[in-house]
1. Can you tell me which residues in segment 1-31 are of a type in the set (Lys, Arg) and either touching a Leu at 6+ places or on another chain (Cβ under 8 Å) or not in a helix (DSSP H, G or I) (or both)?
2. Do we find that Thr28 is closer than 30 Å to Ser201 by Cβ and buried (at least 18 other Cβ atoms within 10 Å of the Cβ) in this structure?
3. Let me spell it out: the conditions are (1) polar (S, T, N, Q); (2) closer than 30 Å to Gly175 by Cβ; (3) in contact with an Asp or Glu (Cβ under 9 Å, 6 or more places away or on another chain), and Ser96 meets all of them except one. Which number is the exception?
4. Please enumerate the residues belonging to segment 148-195 that are more than 30 Å from Ala43 (Cβ to Cβ), part of a strand (DSSP E or B) and without any contact (Cβ under 8 Å) to a residue 60 or more places away in the chain.
5. Here is a check on your reading of the model: is Tyr152 touching an Asp or Glu at 6+ places or on another chain (Cβ under 8 Å) and not small (Gly, Ala, Ser)?
6. Step by step: first the residues of segment 72-89, then only those that are of a type in the set (Phe, Trp, Tyr) and either touching a strand residue (DSSP E or B) at 6+ places or on another chain (Cβ under 6 Å) or assigned to a helix (DSSP H, G or I) (or both), then the one that is surrounded by the most Cβ atoms within 10 Å (Cβ to Cβ). Which residue is that?
7. Filter segment 128-153 down to residues that are closer than 21 Å to Thr189 by Cβ and modelled with pLDDT under 95, then give me how many there are.
8. Could you run through segment 46-71 and say how many residues are in a helix (DSSP H, G or I) and surrounded by fewer than 14 Cβ atoms within 10 Å (Cβ to Cβ)?
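The values are calculated or read from the model by the stated rules, or taken from the named source; none is laboratory data. Bear in mind the structure is a predicted one, so any value in this text is a computation, not a measurement. All Cβ positions, even for glycine, are placed from backbone atoms using ideal geometry, and neighbour counts span all protein chains on display.
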Amino acid sequence: MKKNRYDKIKEYIPLFLHLSKAYGDEQTDRIKKEADAEYDRMAGILGDIVKTNKMHATFILERAALYKVLKEYYPNKAYKWIEKCIKKKNESRHESFAKMTSTKIGAGFFMKICGIMTDAAFGEKAGFKVEWVRKDKEEVSFNMRACPYCEYLSKLGLPELTKSFCDSDEYAYCGLDNVDFIRTMTLGTGGDKCDFIYRRSDK
């Protein structure tokens, strides 16, 4: 018997616990089963992208499939539930980054890995188009001119879900010591770019 992938995704465990308590185990199991099947259907729509851009495609499919099924059952609650899961997950990331940036040495290391990770995980091979503005120990800033999250979610008929991925950055990086995270627009919310700025604030 095929295992349900949603049994393994920690990000959504609190949501399924809530659904079980509010609507019963049978309904929750039905939603998980339908989401698992919807994932496979959506993977077919994306085609080879699932293999060539595996990391980002997986993040998108996991969230998109579950959201679509939730929206069918609870159209007025689906997005808020997904958003709550995202906030909880990225608040944990925020705690890790806050600990790192609490010292000047740690803040310097954070700035360094921001540049490295952007190049490694968000390059053209992954469907992004990064226009670098500055990359040094004082500031890491760039404009994102193309984003696969926008492209893939539009292809799946769920463009409104793109914002949830944008919000992940806000939850993770806003309010850090010694480093300011600044962003005024995103492609996912109608902007012509995503403008990222990580700037040392302890100088």
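1. Listed by number, the residues that qualify are Lys2, Lys3, Lys8.
2. Judged against the criteria, Thr28 is not a match.
3. Result: Ser96 passes all but (3).
4. Within segment 148-195, Asp180, Phe181, Ile182, Asp195 qualify.
5. no
6. Looking at residues that are of a type in the set (Phe, Trp, Tyr) and either touching a strand residue (DSSP E or B) at 6+ places or on another chain (Cβ under 6 Å) or assigned to a helix (DSSP H, G or I) (or both), I get Trp81.
7. Residues that pass the stated criteria total 0.
8. The qualifying residues number 4.
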